[in-house]
1. Just need the relative contact order of the chain here, percent rounded to a whole number, with Cα pairs under 8 Å and 6+ apart.
2. If I histogram all Cα-Cα distances within region 3-51 using bins 10 Å wide from 0, what percent of pairs lands in each bin?
3. May I ask you to derive the FRET efficiency for residue 92 and residue 137 from their Cβ-Cβ distance with R0 = 25 Å, giving the value to the nearest 0.05?
4. Would you kindly compute the Cα radius of gyration of region 83-166 and its largest Cα-Cα separation (Dmax), both in Å?
5. Expressed in nm to one decimal, what extension gain is obtained for the pair residue 6 and residue 68 from 0.36 nm per residue of sequence separation less their Cα-Cα distance?
6. Past the 19 angstrom mark, what percentage of all C-alpha to C-alpha distances in the chain do you count?
7. For the chain, what does the helix formula give at 222 nm: sum of -39500 (n - 2.57) over DSSP H segments with n ≥ 4, over the residue count, nearest 500 deg cm²/dmol?
8. Residues of region 100-140 with amide nitrogen under 15 Å from the 7 Å Cα-to-Cβ point of residue 45?
């Protein structure tokens, strides 16, 4: 087990990602945030909270997206559905998808398929805490990355939000 991000590093990384989003999207009039269920919402909650702390007057549009029924591996294993809560239009908006770990790219592909059911965004950007760079199966790259790592297929990245820390097993 190797620690990728300690608690302190994780907090700094969340702050940095928040500041990058502010730099590129402030005042957020045409930007919406969508956390991916189940694990991406923990990062999304923290990023949205950090931005709202810095700019309390802004009413950020933040939703949570369940991609269970859009996955291409649904037939291989049983997935428990989560709740989707998107109470705003994404039509012609910049959508910031937020997830914890980018691995093969299949989760993000499923998320983009699911987003289309809510409208046609002007742009979709991806924000991830950890990018496992050399394990992609689809041509998907993050726009905002907390930490890029090199790992082999047998390794697993775990984000523990209770400690909090990110480890490579």
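Quick note: the coordinates plus some simple rules give every number you see, no bench work behind them. All of these numbers come straight from a predicted model, not from anything done at the bench. Neighbour counts are summed over all protein chains in view; Cβ atoms, including those assigned to glycine, are modelled from backbone coordinates with ideal geometry.
1. Numbers: 314 pairs, mean separation 44.9, N = 169.
Value for the chain: 27 percent.
2. With 10 Å bins starting at 0, P(r) equals 24, 52, 21, 2.
3. Numbers: r = 30 Å, r/R0 = 1.21.
The computed FRET efficiency comes out at 0.25.
4. 14.1, 40
5. 19.3 nm
6. Taking all Cα-Cα pairs of the chain, the fraction more than 19 Å apart is 55 percent.
7. Working: 3 runs with 45 residues, N = 169.
When only DSSP H runs of four or more count, the value is -8500 deg cm²/dmol.
8. In region 100-140, the label zone of residue 45 (backbone N under 15 Å from the point 7 Å along Cα→Cβ) covers 100.
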